[in-house]
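Presented below is the structure to which this report refers.
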Amino acid sequence: NTFISEVTAYAHWLQKRYRTTIVADIHDPHKDNPNPPKTGRNLHVHITVPTREVTPQGMGVKLRELDDLNYSRNELNEMRQEWARAMERGFKQQGENIEFDERSYAKRGIDRIPEPKLGPAANAMHQRGLYSDRWALREKIRAENKSCLPYLQEAKVAETKLEENIRNLEKLSNQKLTGTSCLIEGTHWS
């Protein structure tokens, strides 16, 4: 299975990088369901990385790169990047060219509220026609995201025009415009 081989490769990458043991728990909640939910099988993995080095004698020194807030943010980013690359390799092996971006919506410049995870209970309740707080929250967030879409598209068009104007101004500032009506020798942009 491609997913298992990529999870294994990722766990080995973590193990080598941090000199510790890695626990990877693969969840495939709908593997026996002939009619999985429309959102897919929800195949995922939970990975545990201890913050101590593991040696033949047992637990070793504290891994500051995972335990110290000043370092751990960068390390988490590295982990996310490597996971994205692992998933891209896995899909490529299956003949699919899918790009993963490990960054959050905010870091990608996407003005969108993330939707909450529903879980099997909320899905089951919804399928039976019962009310679920999680389902209601997700629908509310989806509606908010959808209502903002026209404004976001309008802002994107304005941003594109502004970037084009900036590029044009940068080109003009790099040209020698003396002797023209817009710039006199000795003046400069401020």
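The values are calculated or read from the model by the stated rules, or taken from the named source; none is laboratory data. Here the structure is a predicted model, which is why all the values come from computation and not from measurement. Methodologically, a virtual Cβ is constructed for each residue, glycine included, from the backbone with ideal geometry; neighbour enumeration extends over all protein chains shown. These area figures cover heavy atoms from the full protein model, side chains too; ligands, DNA and RNA do not enter into them. Shrake-Rupley method; radii C 1.70, N 1.55, O 1.52, S 1.80 Å.
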Discussion item. As an exercise: evaluate Glu65 against (1) without any contact (Cβ under 8 Å) to a residue 40 or more places away in the chain; (2) closer than 19 Å to His12 by Cα and give the number of the one condition it does not meet.
Written reply: (1)
Worksheet item: List pairs: first in the range 69-82 and at positive phi, second of a type in the set (A, V, I, L, M, F, W, C) and open to solvent by less than 30 Å² (accessible area, probe 1.4 Å), Cβ under 9 Å, 6+ apart or cross-chain?
Response: none
Response to the item:
Out of (1) modelled with pLDDT of 85 or more; (2) more than 23 Å from the chain's Cα centre (by Cα), the one Ala9 does not meet is (2)
Worksheet item: Given the conditions (1) surrounded by 13 or more Cβ atoms within 10 Å (Cβ to Cβ); (2) of a type outside the set (A, V, I, L, M, F, W, C); (3) free of Cβ contacts under 8 Å to residues at least 60 places away in the same chain, which single one is not true for Asn123?
Response: (3)
Item to complete: Considering only the range 63-89, state which residues are within 18 Å of Ser5 (Cα to Cα) and either exposed (fewer than 13 other Cβ atoms within 10 Å of the Cβ) or of a type outside the set (Gly, Ala, Ser) (or both).
Response: Met79, Arg80, Gln81, Glu82, Trp83, Arg85, Met87, Glu88, Arg89
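Picking from Leu43, Leu66, which residue would you name as being within 30 Å of Glu144 (Cα to Cα) and either touching a Cys at 6+ places or on another chain (Cβ under 7 Å) or at pLDDT below 90 (or both)? Reasoning before the result, please.
Numbers: Leu66 fails: within 30 Å of Glu144 (Cα to Cα).
Being within 30 Å of Glu144 (Cα to Cα) and either touching a Cys at 6+ places or on another chain (Cβ under 7 Å) or at pLDDT below 90 (or both) holds for just one of Leu43, Leu66, which is Leu43.
Please verify whether Tyr105 is among the hydroxyl-bearing types (Ser, Thr, Tyr), over 30 Å from Ala11 (Cα atoms) and open to solvent by 60 Å² or more (accessible area, probe 1.4 Å), treating the condition exactly as stated.
Working: among the hydroxyl-bearing types (Ser, Thr, Tyr): yes; over 30 Å from Ala11 (Cα atoms): no; open to solvent by 60 Å² or more (accessible area, probe 1.4 Å): yes.
So Tyr105 fails the test.
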